[in-house]
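Novice: Handing you this structure, nothing more for now.
The values are calculated or read from the model by the stated rules, or taken from the named source; none is laboratory data. Note that this is a predicted model, so its numbers are computed, not measured. Here the Cβ positions follow ideal geometry from the backbone for every residue, glycine too, while neighbour counts run over all protein chains shown. Heavy atoms of the whole protein, side chains included, go into the accessibility calculation; ligands, DNA and RNA do not. Shrake-Rupley method; radii C 1.70, N 1.55, O 1.52, S 1.80 Å.
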Amino acid sequence: MRIRTKQPAIRILSMTIGMLIGMGLSTGAYADSAATTPQSDNPAALPSSAPAQAPALTQHVLSLIKTHALVELRTIYNGPFAAAMFFNPQTLNYSVVLLKHHDFWWVGETADGHKAEQLYTKLATQTIRLAAPDLAKIQLDARIAVAKRSLAAQRKREEELAQQISAQQKIVQAGTAAQGQLLQEAEALDAQRKSLEEQLSSTNSAIAGLQSKAQAGPSMESFDNQVTPLQTPTSSSSPHKSRIQIRATAHP
């Protein structure tokens, strides 16, 4: 709620004139009364919406505002509603108005300053009641807007997390597949390594055997086995007589 009292007349008059130019006299909201008689003092008698046509009293007050003939004494704001009290120095009359935005809902005029104050106080109280739904709507609209933005942000965050999880899962799956392939390749290489090691071990054993034989030299036992021994002649009971005969010859 904003309360402004005894504001310079030029501000409210300029605002009101601007509203008049923007909306025209036929769009105002208005309850008519006698020129020196205020509108009903019962707050319940105030309208709940702007009238369709401007009554004579309203047109009269608006013309005074347009010509800067009125001085603003009090103004109170509650949301989009406002209550204002003006004073006419030429006629000593008071004008009290109730308006919402650019629409004048109610206009009253009296020459009694005390009654004008009472009427203004009642109109100011009415602005609190009338503005309650608008103020609640303003706050609810703000809360709904914040909730929508928060929901949109949460959904965006949820989508980002889902995309991140999906990307991570794809990376893990690709990594798992790569690891499986590498494991298979490692197993194949290990089997190949074992086979080569066995072949190498067999080759080393063969080389070691050959080196051992080469360093030992030829085997005499094997040579003896290959050569047939000479047979010794058998001896008889009688000595062997030599077949060689010696002849003695005389030399001449």
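Novice: Taking the options GLN164, GLN126, name whichever one is modelled with pLDDT under 95 and within 30 Å of HIS60 (Cβ to Cβ).
Specialist: GLN126
Novice: Now a separate question. Restricting to the stretch 56-69, give me the number of residues that are surrounded by fewer than 22 Cβ atoms within 10 Å (Cβ to Cβ) and either touching a strand residue (DSSP E or B) at 6+ places or on another chain (Cβ under 7 Å) or of a type in the set (Val, Ile, Thr) (or both).
Specialist: 4
Novice: Related question: Condition check: more than 30 Å from VAL71 (Cα to Cα), assigned to a helix (DSSP H, G or I) and either open to solvent by less than 50 Å² (accessible area, probe 1.4 Å) or among the polar types (S, T, N, Q) (or both). Does ALA191 satisfy that? Break it down stepwise before answering.
Specialist: On the way: more than 30 Å from VAL71 (Cα to Cα): yes; assigned to a helix (DSSP H, G or I): yes; either open to solvent by less than 50 Å² (accessible area, probe 1.4 Å) or among the polar types (S, T, N, Q) (or both): no.
Answer is no for this residue.
Novice: A further question on this structure: Select the strands (runs of 3 or more DSSP E) contained entirely in the stretch 70-128, then report the ones holding at least 1 residues which are surrounded by fewer than 24 Cβ atoms within 10 Å (Cβ to Cβ) and of a type in the set (Asp, Glu).
Specialist: Because the criterion is at least 1 residues that are surrounded by fewer than 24 Cβ atoms within 10 Å (Cβ to Cβ) and of a type in the set (Asp, Glu), the strands (runs of 3 or more DSSP E) in the stretch 70-128 that meet it are 71-78, 103-110.
Novice: Moving to a separate point now. Taking the condition of a type in the set (A, V, I, L, M, F, W, C), at pLDDT 85 or above and out of contact with any Phe, Trp or Tyr (no Cβ under 7 Å at 6 or more places or on another chain), does LEU182 pass?
Specialist: On the way: of a type in the set (A, V, I, L, M, F, W, C): yes; at pLDDT 85 or above: yes; out of contact with any Phe, Trp or Tyr (no Cβ under 7 Å at 6 or more places or on another chain): yes.
Yes: the conditions hold for LEU182.
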